[in-house]
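Just below is one structure, and these are the notes that go with it.
The values are calculated or read from the model by the stated rules, or taken from the named source; none is laboratory data. In this text, all values refer to a predicted model and were calculated from it rather than measured experimentally. Note that we place each Cβ from the backbone using ideal geometry, even for glycine, and neighbour counts take in every protein chain shown. Surface areas here come from the heavy atoms of the whole protein model, side chains and all, with no ligands, DNA or RNA. Shrake-Rupley method; radii C 1.70, N 1.55, O 1.52, S 1.80 Å.
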Amino acid sequence: MAKKKMNEAAARKRAEKTLEESRQNLQQYSVKLEKMNDKLRESLNKVAEKDQKMYDLNQRLLVANKKLRELDRMKSNFVANVSHELKNPLTNIKDALSIIVEGTAGEVNKEQERFVAIAARNTDRLYRLVVDILTLSRIEAGKVEPRIEDVDLAVLLEDVIEDFTRELARKELTLDKNIQHDLGTVPADEDKITEVIINLLTNAIKYTPVRGLITVKLTGTREEVCCEIADNGPGISKENQKKIFDKFERITAEKQEGAGLGLPIARELVHLHQGKMWVVSFPGKGSRFVFTLPR
Ligand code: ADP
């Protein structure tokens with residue numbers, strides 16, 4: 001009996017000891033957990049701090065971006081005003097030179113006629129440049145609203161191509177047409193899309209060597225129509241393809257007249273219609289300019 005009691009007392013003591021050890025272990029774990037918790041809280045605070053910094057930075061960037069946009073719009077406004085002011089006197093100079101050449105203001109000898117013709121040619125160039133700058137800066141300043149109507153692009157393309165008959169013949173270029181005529185109409189500003197097509201065709205004719213091939217294609221889906229003007233001219237390298245839609249960028253054009261504003265204007269005009277414009281080209285093989293207009 002006494003032995004049993006002794007065993008029970010020993011077992012209780014062992015259990016108490018184990019319990020005490022577990023309690024101490026738990027306490028140690030609890031301290032460790034507390035430390036880990038502190039560290040976690042510290043890290044969370046740091047993340048929150050960083051988050052706040054990122055947010056502040058983002059806010060500052062948004063403000064800077066807004067300011068830049070505003071400055072850009074002011075610049076475009078300024079350029080639009082200056083070009084507008086230049087256009088009128090240039091028109092007067094052009095008219096005055098025509099009057100001299102026609103002889104209305106008195107007889108002109110051959111030598112004088114030659115110099116006046118040089119002045120007239122350069123005034124025409126300057127006038128075209130000013131008009132292009134004016135157009136682009138007005139679009140950039142948000143001052144151009146397309147006058148939307150229902151336009152049949154197939155008819156429009158045929159008309160524009162016909163206007164180019166002489167230019168094509170002069171360089172003995174072949175123009176292949178692949179125009180789908182049953183696409184119906186798209187909502188568009190006819191004058192502006194005409195300008196886009198004229199721009200692309202002018203370039204195709206300008207940069208394609210004599211007796212080259214130009215292809216005009218028009219296709220469509222339920223969502224959009226797609227117009228392609230391709231040539232087998234010199235083509236444009238991948239690197240330059242990124243640049244040609246930037247203002248004043250001219251690549252293969254040393255001997256050709258132009259200011260490098262045609263493509264930026266064309267692309268902006270297409271964007272005004274929520275359309276897209278891009279180029280696919282391989283040097284030595286030719287270029288394909290494509291634009292789409294949503295229905
Ligand atoms: P511009 O013709 O007045 O130089 P654009 O903006 O119309 O200006 O064209 C920019 C440049 O893109 C041209 O200078 C030329 O280098 C290149 N480019 C445009 N169209 C073609 C084309 N069909 N083939 C080869 N290069 C072209």
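Annotations
- C-alpha long axis of helix 2-102 to longest principal axis of the chain, angle in °: 10
- Since only VAL279, PRO187, VAL82 are under comparison, the one whose Cα sits farthest along the positive direction of the charge dipole of the chain, derived from C-beta charges on Lys, Arg, Asp and Glu, is VAL279.
- Nearest-0.05 FRET efficiency for ILE148 and ALA96, computed from C-beta distance (R0 41 Å): 0.60
- Loop sites in segment 230-281: trypsin sites (Lys or Arg not before Pro), DSSP, at most 11 other Cβ within 10 Å: LYS255
- Efficiency of FRET from Cβ geometry, LYS46 and GLU257, R₀ 51 Å, rounded to 0.05: 0.25
- ASN37-LEU61 FRET efficiency (beta carbon distance; Förster radius 22 Å; 0.05 resolution): 0.05
- Overall, the accessible surface of the chain at a probe of 1.4 angstrom is composed of carbon and sulfur to the extent of 54 percent.
- Enclosed volume per residue, in Å³, of the convex hull spanned by Cα atoms of segment 85-194: 158
- Ranking by accessible area, most exposed first, for HIS181, HIS273 with a 1.4 Å probe: HIS181, HIS273
- Cα shape, segment 210-274, gyration tensor, a/c 1.5 rule: oblate
- Whole-number Å³ per residue for the convex hull built on Cα positions in segment 28-151: 203
- Shape of segment 184-234, Cα gyration tensor, a/c cut at 1.5: oblate
- Residue order for GLU249, GLU34 - accessible surface, 1.4 angstrom probe, largest first: GLU34, GLU249
- Farthest toward positive dipole pole in the chain [+1 Lys/Arg, -1 Asp/Glu at C-beta], among SER30, ASN232, THR123: SER30
- Whole-number accessible area per residue in Å² for segment 143-191, which is evaluated in the context of all protein chains at 1.4 Å: 64
- Degrees separating the helix 110-140 axis from the principal Cα axis of the chain, which is the longest one: 30
- Rounded to the nearest 10 Å², the accessible area of LEU261 at probe 1.4 Å: 0
- Annotation for GLU167 and ASN7: the two label points, set 7 Å from Cα along the Cα-Cβ direction, are 11.4 nm apart.
- Tail fraction, Cα-Cα pairs, the chain, threshold 32 Å, whole percent: 53
- Rounded to the nearest 10 square angstrom, VAL79 shows an accessible area of 40 square angstrom against a 1.4 Å probe.
- For GluC sites (Glu not before Pro), the sites in segment 150-206 that DSSP calls loop and that have at most 10 other Cβ atoms within 10 Å are GLU172.
- In the elastic network of the chain, a GNM with C-alpha springs shorter than 10 Å, the most mobile of GLY260, GLY184, GLY106 is GLY106.
- Each 5 Å bin from 0 upward holds the following percent of the Cα-Cα pairs of segment 114-153: 6, 20, 13, 14, 13, 13, 10, 7, 4, 1.
- Nearest-10 value in Å² for the accessible area of LEU156, using the 1.4 Å probe: 10
- Cleavage-rule hits, GluC sites (Glu not before Pro), segment 254-295, DSSP coil, Cβ neighbours within 10 Å at most 12: GLU254, GLU257
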